[in-house]
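**Q** Shown below is the structure under consideration.
The values are calculated or read from the model by the stated rules, or taken from the named source; none is laboratory data. Computed from a predicted structure; not experimentally measured. Cβ placement follows ideal geometry from the backbone for every residue including glycine, while neighbour counts extend to all protein chains displayed. Ligands, DNA and RNA are stripped out before the accessible areas are found, and what is left, the full protein with its side chains, is counted by its heavy atoms. Shrake-Rupley method; radii C 1.70, N 1.55, O 1.52, S 1.80 Å.
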Amino acid sequence: RSAIMDYFEIKGSKKLYGSVKVSGAKNAVLPLMAASILNKKKIKILNVPTLSDSITMSKLIEEMGGDVKFDSDNSIIVDSSKLNNPYAPYDLVKTMRASFYVLGPLLARFKKAKVSLPGGCAWGPRPVDFHLEGLKSLGVKISIENGYVVANAKQLVGNKIHFPKISVGATGNIVMVAILAEGTTTITNAAAEPEIQQLCKMLNKMGAKISGIGSNTLSIEGVKSLKPIKEVSVIPDRIEAGTFLIAAAAVGGEVEIKNIIPEHLESVINCLLKANIDINIKDNSINIKSDGKNILSTNIETNEYPGFPTDLQAQWMMLMCLADGTSTIKENIYYDRFTHIMELNRLGCNIKLEDSVAIIEGNKNLIGADVMSTDIRASAALIIAALCAEGTTTISRVYHIDRGYNKIEKKLTDIGANIIRKK
Ligand code: EPZ
């Protein structure tokens, strides 16, 4: 775990050459670990990224009476057979919102749970009303007491649920209750993200009956009980892969990004091709060549999968600062996910915000400066900017980065970047 004062010192403008192996997806391993609460026997989760978030989730499972062992070769053994305390305390949930994903599996297994409401995050409120409304329609009694969701259910019953907006977390939580409810549940406006697809496929392997996986309408036929499975391997992290693709496009050089599922990156690849970046797609790797120049300005909008992911918005913004003209970014998932604009402007970018649309001036020459991370993905954009900047940049609060990227400075150093972690 990174100490609170760790910072990165980066010397910029060296091209990147070599290959990067992408780790397992943070946003897949967290729901899979939550789902292991329903597995009731030991399960081995393979290709787990060593991130503070996976460590936080394992701490939470242990607090509830489960047991998590970090095995060699990036795998963990989760044993929830003795898990008996359906309680997720504030001090853990406040450090990682995804802890809220245990609410559904706890209710499905124990018919009761007490889970702290998650706090906000760097870019504003992230409510959980869809989670709570959905649970109520499955027969769960919910009350909010001292910042905690206190939930009880005599009988879980299937129902028709429509989410006002597509929500990854709410889809996961509701699915993990509906699979053991009596009768059928249909969820419209459900999330189709690859991470949710993997969760549903794992639950079906355990005997659940979920259909429509990968679409925005899921129908779930409740079953009496599930049967434990022995192992599951986490899908590659499409956001880490996209971060390295954009870094190589911005900094320049020739990089091979290995261990990916290109189909999960279709929208990002299309935008990079539109920006005139030279990309060669193989079965589970992508080769990218760039001179860091002749990048065409390309407007994007973020959308739910398979649209352009909001978790790559900050990184794309950084790339457009180098493009041949002005471009825009419309953020449709979080209306205020723009804390990175001020930090990028300190490095010489010129980005303005006009009612939730960012306007980015191109052709910038970046100059190193002291900047600060505000959230996982903004930090990634700052790292890319620092690699493109002349001179030295320091990035403070790297604990944000360690939550979502597995040894990012080692992966970057291995392809020629000059980045050092300092205390
Ligand atoms: C997941 O968060 C990801 N986190 C986020 O990645 C990602 O940005 C987000 O999905 C969108 O793709 C994990 O998977 C651990 P949502 P989640 O519910 O589930 C609103 C990262 O950097 N909403 O899909 O919390 C919400 O405010 C992180 O890895 C409600 O209004 O996101 C947002 O505007 C950052 N009420 C939109 O829906 C609710 O009850 C999408 O949020 C729930 C959500």
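**Q** Starting from residues that are hydroxyl-bearing (Ser, Thr, Tyr) and in a loop (DSSP other than H, G, I, E, B), keep the ones in region 281-324 and report whichever is least open to solvent (accessible area, probe 1.4 Å).
**A** Checking each candidate, the answer is 298.
**Q** Which of the residues spanning region 330-358 are in contact (Cβ under 8 Å) with a residue 12 or more places away in the chain, assigned to a strand (DSSP E or B) and away from the ligand (no atom under 15 Å from the Cβ)?
**A** 351, 353, 357, 358
**Q** Determine which member of the set 161, 144 is hydrophobic (A, V, I, L, M, F, W, C) and either surrounded by 14 or more Cβ atoms within 10 Å (Cβ to Cβ) or within 9 Å of the ligand (Cβ to nearest atom) (or both).
**A** Within the list 161, 144, the selection yields 161.
**Q** Looking at region 384-393, is at least one residue assigned to a strand (DSSP E or B), open to solvent by 10 Å² or more (accessible area, probe 1.4 Å) and at negative phi?
**A** Yes; the residues of region 384-393 include at least one that is assigned to a strand (DSSP E or B), open to solvent by 10 Å² or more (accessible area, probe 1.4 Å) and at negative phi.
**Q** Is it the case that residue 194 is in contact with a Gly (Cβ under 9 Å, 6 or more places away or on another chain) and touching a residue at least 12 places away in the same chain (Cβ under 8 Å)?
**A** Criteria met by residue 194.
**Q** Next question, about the same structure. So which strands (runs of 3 or more DSSP E) are wholly in region 136-185 and hold at least 1 residues that are among the acidic types (Asp, Glu)?
**A** 141-145
**Q** Answer yes or no as to whether residue 257 is assigned to a loop (DSSP other than H, G, I, E, B) and open to solvent by less than 60 Å² (accessible area, probe 1.4 Å).
**A** Spelling it out, it is not the case that residue 257 is assigned to a loop (DSSP other than H, G, I, E, B) and open to solvent by less than 60 Å² (accessible area, probe 1.4 Å).
**Q** Test residue 130 against the stated conditions and say whether it is open to solvent by 10 Å² or more (accessible area, probe 1.4 Å) and under 19 Å from residue 208 (Cβ atoms).
**A** In short, no.
**Q** Looking at region 174-195, which of the residues that are among the hydrophobic types (A, V, I, L, M, F, W, C) and more than 16 Å from residue 103 (Cα to Cα) is surrounded by the most Cβ atoms within 10 Å (Cβ to Cβ)?
**A** Ranking the candidates gives 190 first.
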